[in-house]
Amino acid sequence: MYKFIEEITLNTWPAEQSVLLQGWILRSAAGYTKRANSVNPLYGADSSQVELTEQIKLAERYYEHAGLQSVFKITPYIQPPKLDEILAERGYTIAEPSSVRLLDLGDLASPDLRYTVQIQESLTEEWLHTFSELTGLSEKNRETLTRMLSASHLQQGYVLLFNHGVPVTCGLGVIQNGYLGLYDIVTSPAHRRKGMAEQLLLALLNWGRAKGATTSFLQVVQANTGASALYDKLGFKEIYQYWYRVKN
């Protein structure tokens, strides 16, 4: 039912290269995030065990040549449906079980004006510096992220929340086909549990609605209970779960 969300996430979080392999989408971006460096097996006909094994081996060789670990994103929409079982038999382990959630943007609260929130519609050095500082992003990954985000032609919103003139929370919204995807929501450890991330998100959601988005989606790692609680508070509802299978 929500397979189209998977398609939108491929576009709103771009990879540097995407290769088709009999309906599978093999994405790579110098190893920065599993989301952009994994096989997305959304299409393709059911295969025999031998054919499927050969297709997996082809995907593994692609990532080996790229100097990357082989990773598959497993959703309710994988093709063929037996893929997860086969990967487990090949020694792939589960990583980062996650939740995909939706929110209707028809009825949003207004952000609290106690904080200054800034939204830019193109990547800025200030946003990139803040995100890098808050996440400890390496120089290599910072360069990769810059290339990934700068290459997108979708509507983007780079948001910063300031506390006494210092940016302490950041995030990214990307719009396609009326859907606002939320990414890179990070708050300084010293400023967490003070409602700042909630205010940043409300500002970003209201921005998206003003730009024509009617629905927002996000993906959150299930182990991140703090973020999950915040998204629950804002009204996001889980529509399905996914995980990665990683070759060790």
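Structure notes:
- Scope segment 17-58; condition acidic (Asp, Glu) and farther than 17 Å from residue 70 by Cβ; matching residues: 46, 51
- Residue check for residue 161: hydrophobic (A, V, I, L, M, F, W, C), surrounded by 20 or more Cβ atoms within 10 Å (Cβ to Cβ) and closer than 28 Å to residue 1 by Cα: no
- Residue in segment 48-62 that is closer than 30 Å to residue 132 by Cβ and surrounded by fewer than 21 Cβ atoms within 10 Å (Cβ to Cβ) present: yes
- Filtered residues of segment 103-123 (kept if in contact with an Asp or Glu (Cβ under 9 Å, 6 or more places away or on another chain) and either hydroxyl-bearing (Ser, Thr, Tyr) or buried (at least 18 other Cβ atoms within 10 Å of the Cβ) (or both)): 111
- Subset of segment 1-50 [closer than 22 Å to residue 85 by Cβ and outside any loop (DSSP other than H, G, I, E, B)]: 3, 6, 21, 24, 25, 26, 34, 39, 40, 49, 50
- Every test in (1) over 23 Å from residue 142 (Cα atoms); (2) at pLDDT 95 or above is passed by residue 182 save one, and that test is (1).
- For segment 1-26, the candidate set comprises residues that are among the aromatic types (Phe, Trp, Tyr) and out of contact with any Ser or Thr (no Cβ under 8 Å at 6 or more places or on another chain); within that set, the residue that is farthest from residue 77 (Cα to Cα) is 24.
- Residues in segment 52-92 that are farther than 21 Å from residue 28 by Cβ, touching a residue at least 40 places away in the same chain (Cβ under 8 Å) and more than 22 Å from the chain's Cα centre (by Cα): 88, 91.
- Within segment 209-225, tally of residues that are assigned to a helix (DSSP H, G or I) and either hydrophobic (A, V, I, L, M, F, W, C) or within 26 Å of residue 76 (Cβ to Cβ) (or both): 2
Residues are listed down the side, and each one gets a yes or a no for (1) crowded, with 20+ Cβ neighbours inside 10 Å; (2) polar (S, T, N, Q):
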site: 181; (1), (2): yes, no
site: 187; (1), (2): yes, yes
site: 191; (1), (2): no, no
site: 195; (1), (2): no, no
site: 206; (1), (2): no, yes
site: 211; (1), (2): no, no
site: 218; (1), (2): yes, no
site: 243; (1), (2): no, no
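The values are calculated or read from the model by the stated rules, or taken from the named source; none is laboratory data. Predicted model only: the values in this text are computed from it and were never measured. Quick reminder, even Gly has a Cβ in these numbers, built from the backbone with ideal geometry, and neighbours come from all protein chains shown.
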